[in-house]
Structure formats: structure tokens, C-alpha cells
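Working notes for the structure below.
The values are calculated or read from the model by the stated rules, or taken from the named source; none is laboratory data. Given the structure is predicted, the values throughout are model-derived calculations rather than measurements. Cβ atoms come from the backbone with ideal geometry, glycine included; neighbour counts cover every protein chain shown. Heavy atoms of the whole protein, side chains included, go into the accessibility calculation; ligands, DNA and RNA do not. Shrake-Rupley method; radii C 1.70, N 1.55, O 1.52, S 1.80 Å.
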Amino acid sequence: MEIADFSQKSFLTELTENEIIIRDTIRDFAEKNIRPFIMDYDESQKFPMEIIKQLGELGFLGVLIPEEFGGAGLGCQEFCLVIEELAKVDPSIALSVAAHNGLGTNHIYLFGNDLQRKKYLPYLTSGKKIAAWGLTESSSGSDAAGLKSVAEKKDGYYLLNGGKTFTTHGTVGEIAVVMAITDKSKGKKGISAFILEKGMEGFIAGKKENKLGMRASDTTQLVFENCRVPEENLIGNKGEGYEQAMKVLAGGRISIAALSVGLAQGCLDASVKYGNQRMQFEKKLNQFQAIQFKLADMAVNIEAARMLTYRAANLKDNGRPIKKEAASAKLFASEIAEKAASEAVQIHGGYGFIKEFPVEKFYRDVKLCTIGEGTSEIQRIVIAKELFKSIPD
Ligand SMILES: Cc1cc2nc3c(=O)[nH]c(=O)nc-3n(C[C@H](O)[C@H](O)[C@H](O)COP(=O)(O)OP(=O)(O)OC[C@H]3O[C@@H](n4cnc5c(N)ncnc54)[C@H](O)[C@@H]3O)c2cc1C
């Protein structure tokens, strides 16, 4: 029996010819170049630099950046297609590609000046250098505005002290955007964003985390010890860093939604395949209604999550507000992905607990989706705040 390809069959609109080419290119790449090695990367926790470089050569590391800076000049919908396809095969590589494109690189593109864009973006869009983005600190995660890193203005430079926690690409990244306090008295409006380069004195990659899942994606502490950051590396104006970061995160959340959709789709595909092969009581698992119901629920949830995700992406591409829509897509997609991964392991029985089957890894990787770029609780807070804004007192 041919395995049905459930993915991207029922979009709000049909895929364009260009989108089909993008999807098929990344799908092909992931099947041939990533799938055979995912467990090696997972077990060794090795960042797959060679894969990431190849993705750069194919244009997938500057998806959202205009061609004049070496990017592909595409929109958020195409970006979601790329992340979804990667996540179906390896969510940890999808996470790295999402973070590189959507956080560090995008922050410089959206808020950097022309000099900064020209200086840094061509390296990032080509994959010659990898981007990191540091907002979270050991004592400030959900409460991002509670960060403590300080950038003190001196003659022609800022003296940066403090550190960041859980920075994707903290070790392998060569260009980092980090947020730090420039005026404590102003609260959120006293936070600024800076571009840091590997090799700057006092800019140190700290401990690399040993993680439950997403193990191929590098997650590291950053340490700033009297790090001298040139004045011209301030992004935008002093005090704009927090607001910039929140805008970057809103877009980033759509990519985590796409990652969740892809991961859930990977779980469904693997489960349909397994259920068609595994015999119990002289029947294929897929012939049991209890299994069919699980698969049906997964398929419906994935469709709903995909629609929320591409709707948010479409709104973003059209310059419309996305705060609530991005949070909704991220919340729903990550939670149905978690359920899908759990059901996929259940459908596989004991084999789902074994590393030879892809659902074991999906089950570990998926937990990041309800945590990274704002936990589910924070998404609900964002959605509720937006909801109250639309209701008159
Ligand atoms: C693999 C990985 C990669 C990451 N990459 C990056 C990166 O590249 N850059 C970066 O800046 N950060 C990154 N992060 C950090 C991530 O964004 C944070 O972990 C996340 O925002 C949660 O913060 P926290 O871990 O400090 O949890 P906390 O904020 O301490 O939250 C703990 C729990 O309390 C809940 N909670 C907190 N406040 C409230 C509230 N007001 N109401 C209800 N519940 C609440 C949370 O939802 C959560 O369940 C990464 C994290 C991981 C694990």
C-alpha cells in the first residue's frame, strides 16, 4: 500500500509553483542528506555544520532577507515550508535553521542600519557564519525584561558585562545579537540590542547544555566579561532593544509553529507506516478502530495547526499585526505536536521506546516546542492581553 502524503494537501490556498519547488527542494535535501545521520547527530550532540553550510549554499539560511544582502528574498510562508519540511525529518536541524533565520539574522535585517546590514548579512545569508540571539538569562526567561546584563557607555564603545542562558548557537555562532541594559531607570525602555562578533575580547561561549532533545542544535551559555562592543554595533537607538526583541520573537513564534506542524506530521507519517506493517491478532494495527481514531485525531489537529500557522505567516507577509495570531499558532501547534508525539509512541508500543524508530526522538524533541520562544503559558498570556484590548471596558 502506498503511504499517503498528508502534508500540505489542504492549505487555505494552493501552493504556488515557486512554493512547490521550494518544498520539494528542501524535502529532497532532508531525505537524502539529513535522514541517514539524524541519530548520529542526536547521540553525539554534534552540531551538523556541514549540513548547515549546504543549506546556506541552497539559500535556506537567508530565506527572509532580500537578495541585495545575499538572501532569498522570500516571505514567512515560504520560511514555514522550509522549517516544516526539515522538522518532519529532524526537528533539531529545523530549530537551528529557524533560529538562525528568524532570530539573529532577522534582527539585524529588521532593525540594523545599512552599514550593519551590509557588513553582517552576506555572511549570515550564505551560511559562512552562523547567527546567535541572546535574550534569556539565568534569572530571566519568561520575564525577559528582567534581564541583568549591563552595557555601560564609555568613550566610543559599550562595556558589556553579564551573560545569557540557553543561547541557540552560543558555541558555533560567530555573530550574536544580544540584549543588555543601557539605562536601568527606564525599565524595558532601558534595554538595548547589540551585535557581537566571536573573537571580541571578553565575549566567551560558556557551558554547552546536555539536552533531553533537539540535541543536534547547539545550546550554550554566553558570558560577557568587560566585553568592549564598538558604539556602531548598537542596533537602532538606545532603549529600543526590548521592543525590537518582542517583534523578532513574534515572527520567530510562527517558525516554531511550523516546526511543530512538521514534527507532528513526521509522527503521523511514521505511525501510519508502522501501523500498516505491524501485525497483532492477525490484523494490521491500522485495522483496529482504536488506532484509526488516534491517527484521525492527529491528522485533524495537524490540519488545524497548519492553517493557524500559515494564516499567521500570511498576515505577516502582508504587514498585518501578528501578535495574537503568532502566539495562537505557536500555542496550538506545539501542544498538538506534543500529543501527536505521545500517541505515535503509543501506536509503536514498545518499539516506540527504542531508538531505531523515529518517534522516540520526536517524543524527546517535541518538548522544546512548548517552551522555546515563549512557553505555552506565556502564549496564553499574550493571547488574553490581545483579547482584552479588543473588548471595550
Ligand atoms: C533548546 C533551547 C533553545 C533556546 N534558545 C534560545 C535562544 O536562542 N535565545 C534565547 O534568548 N532564549 C533561548 N531559549 C530560552 C527559552 O526561550 C526559555 O527557556 C523560555 O522562554 C522559558 O524561560 P525559562 O526557561 O527561564 O522558564 P521560566 O520563565 O522560569 O518558566 C518556568 C515555568 O513557569 C511558567 N511561568 C513563568 N511566568 C509565568 C507567568 N507569568 N504565568 C504563568 N506561568 C508562568 C512558565 O510558563 C514555565 O512553565 C532556549 C531554550 C531552550 C530550552
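Within segment 186-202, is even one residue among the basic types (Lys, Arg), touching a helix residue (DSSP H, G or I) at 6+ places or on another chain (Cβ under 7 Å), within 16 Å of the ligand (Cβ to nearest atom) and closer than 19 Å to Gly134 by Cβ? Yes, segment 186-202 contains at least one residue that is among the basic types (Lys, Arg), touching a helix residue (DSSP H, G or I) at 6+ places or on another chain (Cβ under 7 Å), within 16 Å of the ligand (Cβ to nearest atom) and closer than 19 Å to Gly134 by Cβ. Cβ-Cβ distances below 9 Å connect the following pairs, each with a first residue in segment 366-393 that is more than 23 Å from Ile83 (Cβ to Cβ), a second residue that is open to solvent by 80 Å² or more (accessible area, probe 1.4 Å) and away from the ligand (no atom under 13 Å from the Cβ), and a separation of six or more residues or different chains: Lys385/Lys323; Glu386/Pro321; Glu386/Lys323.
Quick grid of which residues meet (1) β-branched (Val, Ile, Thr); (2) in contact (Cβ under 8 Å) with a residue 40 or more places away in the chain:
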site: Ile20; (1), (2): yes, no
site: Met39; (1), (2): no, yes
site: Leu64; (1), (2): no, yes
site: Glu67; (1), (2): no, no
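Scan segment 40-76 for residues that are open to solvent by 40 Å² or more (accessible area, probe 1.4 Å) and either outside any helix (DSSP H, G or I) or not hydroxyl-bearing (Ser, Thr, Tyr) (or both) and the total you get is 14. Give segment 223-260 a look and list any residue that's within 15 Å of Lys324 (Cα to Cα) and assigned to a loop (DSSP other than H, G, I, E, B), or say none. Within segment 223-260, no residue meets the criteria. Look at Ile26 and say whether it is of a type in the set (Val, Ile, Thr), modelled with pLDDT of 95 or more, buried (at least 17 other Cβ atoms within 10 Å of the Cβ) and in contact with a Phe, Trp or Tyr (Cβ under 8 Å, 6 or more places away or on another chain). In short, yes. Among the residues making up segment 124-133, a single one is assigned to a loop (DSSP other than H, G, I, E, B) and farther than 14 Å from Lys198 by Cα: Gly127. Report yes if some residue within segment 142-149 is among the aliphatic types (A, V, I, L, M), touching a helix residue (DSSP H, G or I) at 6+ places or on another chain (Cβ under 6 Å) and within 25 Å of Gly62 (Cβ to Cβ); otherwise report no. Checked against the condition, which is being among the aliphatic types (A, V, I, L, M), touching a helix residue (DSSP H, G or I) at 6+ places or on another chain (Cβ under 6 Å) and within 25 Å of Gly62 (Cβ to Cβ), segment 142-149 yields no hits at all. Return yes when Leu121 is hydrophobic (A, V, I, L, M, F, W, C), within 16 Å of the ligand (Cβ to nearest atom) and either surrounded by fewer than 18 Cβ atoms within 10 Å (Cβ to Cβ) or in a helix (DSSP H, G or I) (or both) and no when it is not. It is false that Leu121 is hydrophobic (A, V, I, L, M, F, W, C), within 16 Å of the ligand (Cβ to nearest atom) and either surrounded by fewer than 18 Cβ atoms within 10 Å (Cβ to Cβ) or in a helix (DSSP H, G or I) (or both).
Sub-8 Å Cβ pairs linking a first residue in segment 305-318 that is under 7 Å from Ile254 (Cβ atoms) to a second residue that is β-branched (Val, Ile, Thr) and open to solvent by 10 Å² or more (accessible area, probe 1.4 Å), at least 6 apart or interchain, are Ala312/Ile322; Lys316/Ile322, ordered by first then second residue. Within segment 100-134, restricting attention to residues that are out of contact with any Lys or Arg (no Cβ under 8 Å at 6 or more places or on another chain) and of a type in the set (Gly, Ala, Ser), which residue is nearest to Ser149 (Cα to Cα)? Applying the filter and picking the extreme gives Ala132.
Being polar (S, T, N, Q), open to solvent by less than 10 Å² (accessible area, probe 1.4 Å) and in a strand (DSSP E or B) is a description that applies to Thr220.
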